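Let me begin by presenting the structure, written as structure tokens, before commenting on it.
The values are calculated or read from the model by the stated rules, or taken from the named source; none is laboratory data. Values in this document were obtained by computation on a predicted structure and should not be read as measured data. Here the Cβ positions follow ideal geometry from the backbone for every residue, glycine too, while neighbour counts run over all protein chains shown.
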Amino acid sequence: MFEREGASAPLAEAWWAVAEVHLFHCEFEQMRAALEQGLAAAQGAGREERARLQHAVGLAATLGPTPVDEARRLCASLREEIGGHPIYAALLQLYEAYLEALDGRFAEARARAEASRAPMEEFGRRILLGGQRRYAGQIELLAGDPTAAEALLRDGFRTLRELGERGNAASVAAFLATALQVLGRDEEADATAAEALDLGSPDDVEMHVLPSGSTESPNISIGQARAGRMRERMDAARAATGAYLDGLDAR
């Protein structure tokens, strides 16, 4: 109906809703395809709407089966295109940071992740600041520093719970449980994993996978990160939630 009537904004929003459904089910190729359909429909839309869709294309590429180098180049290109929108550009920079870490470039990854926080702080986007710690914590896990990962993830979890947020908090808690398990604090890890399940939506596929996997050893060396980066990306993908996209609208 929208296509027949040429209503670009409602059609783009409909494709956004389709993309969210695919995100909930960890169907990242389908998510990206829906977003690209939304972008095609949003040619006449405002900068804000197009930037939102473009940023999410980068997220889908980061979490899905797109090769790491290709996903990183895409995020960089999208970030240049929407450079006038600091929040979405910062999120794309954060995804680039995570992709850098998957290739073992941890100094660059840490610098990018830290730089992504400045616009979020400037505009008071506390939910995004809490969610940013999820990626920063994953970078430290990939770098083999679970102590640093714990500190970052615990900070993010505290921020999100102070705001009463649940969806992003569940994902952060799941990775916090992983860091605690690597540190040998199994009882804390189990309790945190249970809290992640309690906070997460029963409809979120990732919440039924990642916390229950916290008892598996996730200690990752640099060599393992390079050799198994696609596996790590899919593990991390299970922690992405629809609430992450919802949080972008919490202004």
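Brief remarks on what is shown
- The listed residue being among the β-branched types (Val, Ile, Thr), modelled with pLDDT of 95 or more, within 26 Å of ARG126 (Cα to Cα) and buried (at least 17 other Cβ atoms within 10 Å of the Cβ), out of VAL57, VAL68: VAL57
- Residues satisfying the stated conditions in the range 172-219, i.e. β-branched (Val, Ile, Thr), at pLDDT below 55 and either surrounded by 23 or more Cβ atoms within 10 Å (Cβ to Cβ) or in a helix (DSSP H, G or I) (or both): VAL205, THR215
- Residue check, ALA71 in contact with a Ser or Thr (Cβ under 9 Å, 6 or more places away or on another chain) and not β-branched (Val, Ile, Thr): yes
- Scope the range 80-126; condition among the basic types (Lys, Arg) and either touching a residue at least 40 places away in the same chain (Cβ under 8 Å) or part of a loop (DSSP other than H, G, I, E, B) (or both); matching residues: ARG105, ARG125
- Every listed requirement among (1) of a type in the set (Gly, Ala, Ser); (2) buried (at least 19 other Cβ atoms within 10 Å of the Cβ); (3) without any contact (Cβ under 8 Å) to a residue 24 or more places away in the chain is met by ALA12 save one, (3).
- Residue list for the range 112-122, restricted to those being of a type in the set (A, V, I, L, M, F, W, C) and loosely packed, with under 13 Cβ neighbours inside 10 Å: ALA118
- Unmet criterion (only one of (1) touching a Ser or Thr at 6+ places or on another chain (Cβ under 9 Å); (2) in a helix (DSSP H, G or I); (3) among the polar types (S, T, N, Q)) for GLN43: (2)
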